[in-house]
Every structure is written in C-alpha cells, then in structure tokens.
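Taken together, the values in this text are just the output of simple stated rules run on the coordinates, not laboratory data. Note that the structure is a prediction, hence the values are computed from the model and not measured. Cβ atoms come from the backbone with ideal geometry, glycine included; neighbour counts cover every protein chain shown.
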C-alpha cells in the first residue's frame, strides 16, 4: 500500500511541476499572443478596406452576439463598408474567414484566417485563386455552384468551399439585418440628438 | 556505441518511418507537400531532442511502474510550452509550423524513443539519438511528400515541376495516395535491402 | 509433378472450364456493348477500349516478368480488366485516362496482392475508384455528355424524353430548372430532384415547386425515357449505356454457365424492390415503372452481370452469394437515394468484395458428420 502511495505521489509531483511550468509560460505568453492576434486582425482589415478607420459594433442576438466593424474613410469619414469574421465547421476544422463588404453588402474581399483543412485540398482555401472568386458577389450569389450559386467549388474540397461560402452568407444576413435596423432608427436619432 | 553512430543510425538503418514504422499518423497527414513535410519534421525533431534529454535526465528518479504516464506528462508539457513560446515570440514560424505542433503529441516516435532509448542511455547519446531519429523522420516525410506533391499537384516545394498541361493525380494527396506511396516506398527499400 | 499424380477417389468429373475459357467468354459477352458504344459515340470508344486493354496486358506482362513468375497474359484476365475499366469512363476521355486506370488496376489492384485469384477486390472497379478520386472532373458531371449519342439533341441531352417539353413550359419560370434539364445523366436528375434544398429554390411558391419537380420526376420513368435507357440513347460511360447490349452478353454467359444467376438476380431484385418502396418523391407518388428507371440507368446492369460475379471476389457458397448480392443492392440504393453520388454500383461492389471472406466464413456449410463444437 505504501509503495503505491509513493508512486502516486511521485506522479503527482511531476504533474505539479509540469502544470506550474505551463501556468507560468502561459501567463507570460498569453498577453503577447493576444496582442499579436489583434494586430493581425487589424492588418487584415486594413488590407481588405484600405485607408479606413474602423469602429467596432457588437450586437446581442439572443444568447450569441455578433461583432462587425464599420469602415469609414480616414479623411472624409464617408461610409466605405463593413468587415466581419464568419466561421463554420469545414471538413476537419473550424474555418474562420474575415470578409469585407461595401455599403451595398457586396463582397470586397475575403481572407481565410484560421483553418486546418486537408493540405493540398481544403487548405487551398487560403489561396488567392480561391478567395478572389468571392469578389463582387451579392449575398444571393454566395452559394456553391452545386447548390445553385456562383462559387465554383475547389476540386476535392466541396465541404470546405461550402463552409466558407455558407458561413459568409449567414453572417452577412445577420450584419445586414442589424445595419438596416440601425438605419431605420437613424432619423429618430437625428431628431433627438 | 559511439556518438557518431548514434547520430547516423536514424537516417537509414533504423529509419523511424520506413524501418521501425513509427509515427504513421503524422506521416500520412502531413506528407501532402514538401514544405509541410519539412515543417513537421523540424517541429518533431525539436520536441524529440528536448524530450530525449529530459527523459534521460529524470530516468533515475522515475520509478519503472509509472514511467509511461511520466513520459506522457513530460512530452505533453513540452509540446504545449513550445507551442505557446513560438506563438508569442516567433509568430511567423508558428504560423507555418503551428498546425503540426498538436500532432506531435500523438507522434509515437517521441514516446517510442523515450521508452526504447532515452531511459536507458546517458544524456549525450540520447541527444544524438534524438537528432538522428528526427532527421530520419524528416527525410522519410520529405521523400513521401516529394512523390505525393509532384504527382498530386505538379509541384515540388511549391516550384512547378510538371508542365502546365499536366492534369494532377488528385488521389496522391488523399489518404489512399499516402498509403500507396508509403507501401510502394517500403517495398522498394526492402527489395534493395534483400539484394544487398 | 505434383499435379500429375494427384490421387483422388471417384467419381472424376471433368469439363472444359478453365481460366482462359471463362475469361475469353466474358470478353465475348462484353462485345455487344462495345458495338453499341461505337454506334452511338463513334470509333473513339473502340480506340479507348483498345488502349485500356493494351495497357492492362502490358502492365501484367511486365510485372510478371519482373516477379519472375510465368507470364500468363494469354488467359484473358488482363484483357478483361482493361476492357471493364474502359467501360467505366466517358467516350470523350483523354487517351491517357484508360492507361492510368489499367496500370493502377493491374499493378496495385491485382499484382501487388499476388496476381490472379489473390486480389481482394475487383481490379477494374479499383481502377475506376482510383480514376474517380484522381481526376474527378473527367469522371463526373458533364464528361458523360460532351460527346453526345447522335440521336440526342441539346434540348434532351440526357435522354429524358419529356423533360424538354416540360422545360418549354418552364421557360421564364426558372433558370435553375433549365440547368437541371441539361444535367448529365438521368440519375443525376433524379438525385437533384430528390434534394429539397434544390426544389425549394425553383420558384418562390412551394406548391409550384412541388408541381414542377413532380412533373419532371415523372418524366424520368415514362415509356419514352425507359426506351432510351433500354437501347442506350443516353449520356453515360462507354459500357453502361445500353441495357439491351449488356443483357445480350449476360444471356450468353448464363447459357454457357459461366456466371451464376443468383448474384445478378438478387442484386437487381433488391434494387428493384427498394427503389419501388423508397424511390419516390413528394409530388410524384410510387409507380411500378420507377424501379425500371433505376435498374436500367447507371452501371447496374454492367455491375450486376459482369463485375459482381467475378469468381475471385464473390463468395463461394450459394447462400453467401445471395447475402453478397443483397448487400450490393442495399448499398447501391442507399448511395443513390441518400448518398452524395448519383450512382453507387461500383462502391457497393467494392465494399461487398471486401466483405466476401467474412460472408464465406459465416455461410460455409458444416461438413457432414462433424460434431458441433
């Protein structure tokens, strides 16, 4: 009995040391990683709609909330469009896509920011040959060609293509609803400043 | 056994992929392109060297009965630390290798070498073993990936090899392509060995 | 020497069945389908078939030479594999496609396992699976109709007789309905019409959608379409196209006692019953003609008579063959009705091929007099 207790204690000691080490490393690297992520997101937004100032908008829809950014020209403050991040489960991972659209909800450009799909097939979704297919499309056209839309699916990776396309379409619908609701409420706001 | 011998045995004679047949999961998963293969190989080599040294250091304080759980804790902790450090300090490298790091935890080459070698040998030899085995793993992955990428994508490490008119054989990139390539390569190696 | 001095008790039966005899007879039985393919699609289907056969024979000879075993290409098994493989591709394929398929079928599907009699699955079907995984654009979709059977016009591209008439009524209603009319094979049309996410988008009115999709679905199995399917005036791959030609060959094989009736009968029968029960859609109720559409279209005839009956890869016992055939039928219907592909014959047979040793083991009769353990 004593022998087994000793074994357990030794294993416990190893685990404690390992956990302490992990906790320590985590505490110093976490803020750095978060900062890098935020900076990357900023860079990606800047790339999609250049020369703009972004304003974050968070909307509560029931349990979930959606976040999107309103882009205005840095100089003229004119409304240029919106950016947002959409995500959906693809073939083997959660595919996260950042997208920008103009004020008429037409896609300006997309960038797949996070994915772990099959290399050589689904992972090709980060390629510009795939992402540029989305440019200029309206929400109605955002569907894989097999489902009757305009996006030609990547060879051998229909599921990934669907994940990107459908996540964008659904997210645009949410953003559009909110923007339109706000626009409808706008005159009232002007009356009572 | 001399240091040099420990270093070179992993390359061909005891190649972890083709001869010992360890770590098949990452081999099949990441050999779709040469860049991925080298990335995975390097990340695995790094963790393998570290874990070999560590295991060799603690071999005298670990009771035999609980050595496997201890190794698992050590390796998993190492991988997580490497992952976080890379994400924080070398984000560019993490972007290209980050995909493979969680895969390393399940790479049985690392546990295999800890169990078969590092817990019986001194630190220096374990270091040599780790480097050699890692290099052998990288080499094997690269060879498999060479065939798969050229056939399945017409490129090698991103450079176009096949003419533009080449219609890529997509199956080479899929799981059956990995199994067939690996099987054919192993058969070829065994054939060459028999001839000797 | 061993073979010459086998001692066994009487009675001694001998017939002329031998591997070459069986293989060459199957090749003969496949010729009518080739003749129909040439009639509908021109000489290119013949050249492709020859290329596939030559590639298969050359690969077999080369590997047997390298393995230092007797070269047995005259037994016709490689010829048959090359032929069956080419029957699975489009008459419009590039010349190298049958070569790649045949080389893979023989080298990986057959010789890697030790040659004739040792292959776990049908090599020709494995070759087809390889081609489908490697060059999906050449093996699916519109590849079947780039070269049209000469009697088909652009408006009724897939041999469905009434669809073009319905389409005329639909003009202006929906571009999507038009796309459907021009999709490649009747099975693809059937699959699309079963997909409610498609049907709901034809127009905005659900009742109209049901009406349109129901009408279209019914035209899949009216007499005109069934006639096209029977004679082979539809888009499809080289060998599957004419039910009539395949039946001619099948009758020849049954008469010569080369294939056994159980596998084809139970395979096709299962597909018939299941598609009758579950094949309908909302808006087009069950019909006794619908199962005929399913057994006449796609590769079922080719698969049931010429591929599922392969000696090496189907069970030895009679009950085992019935189990095997029903399994093939169920899987084919499942893939056709609920799967992602419009057609499922090849995968069903491949899957049941792998199950064959298990089926054999479970259905082997007990030796007489042996005590149950």
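Any chance you could give the angle, 0 to 90 degrees and rounded to 10, that helix B:67-89 forms with the longest Cα principal axis of chain B?
Approximately 60 degrees, to the nearest 10.
Please work out the Cα center distance from the stretch C:17-88 to the stretch B:66-110, rounded to the nearest Å.
That distance is 53 Å.
With a 10 Å Cβ neighbour count serving as the proxy for reagent exposure, in which order, fewest first, do C:218, C:361 appear?
C:361, C:218
How high is the relative contact order of chain B, in percent, counting Cα pairs under 8 Å that sit 6 or more residues apart?
Computed value for chain B: 35 percent relative contact order.
Helix A:158-191: angle to the longest alpha-carbon principal axis of chain A, degrees 0 to 90, nearest 10?
That works out to roughly 60 degrees.
Could you work out the helix-only [θ] at 222 nm for chain B, with each DSSP H run of four or more residues adding -39,500 (n - 2.57) and the total divided by the number of residues, to the nearest 500 deg cm²/dmol?
Value at 222 nm, helices only: -22000 deg cm²/dmol.
Would you mind ranking C:321, A:106, C:262 so that the residue whose beta carbon has the fewest other beta carbons within 10 Å leads the list?
A:106, C:262, C:321
Considering only C-alpha atoms, what is the centroid distance from the stretch A:8-72 to the stretch C:310-362, in Å?
Taking the Cα centre of the stretch C:310-362 as reference, the centre of the stretch A:8-72 is 51 Å away.
For the protein assembly as shown, count the residues as N, evaluate 2.2 N^0.38 Å, and divide the Cα radius of gyration by that value, please.
Dividing the Cα Rg of the protein assembly as shown by 2.2 N^0.38 Å gives 1.14.
So what is the 222 nm mean residue ellipticity for chain A from helices alone, if each DSSP H run of at least 4 adds -39500 (n - 2.57) and you divide by all residues, rounding to the nearest 500 deg cm²/dmol?
-16000 deg cm²/dmol
Exposure proxy check: C:96, C:135, C:231 ranked by fewest other beta carbons within 10 Å?
Least to most surrounded, the residues fall as C:96, C:231, C:135.
Order these peptides, B:157-169, C:39-51, C:203-215, by their mean beta-carbon neighbour count within 10 angstrom, highest first.
The densest-packed peptide leads the list: C:39-51, C:203-215, B:157-169.
So what's the angle, to the nearest 10 degrees on a 0 to 90 scale, between helix A:2-48 and the longest Cα principal axis of chain A?
Its long axis makes an angle of about 20 degrees.
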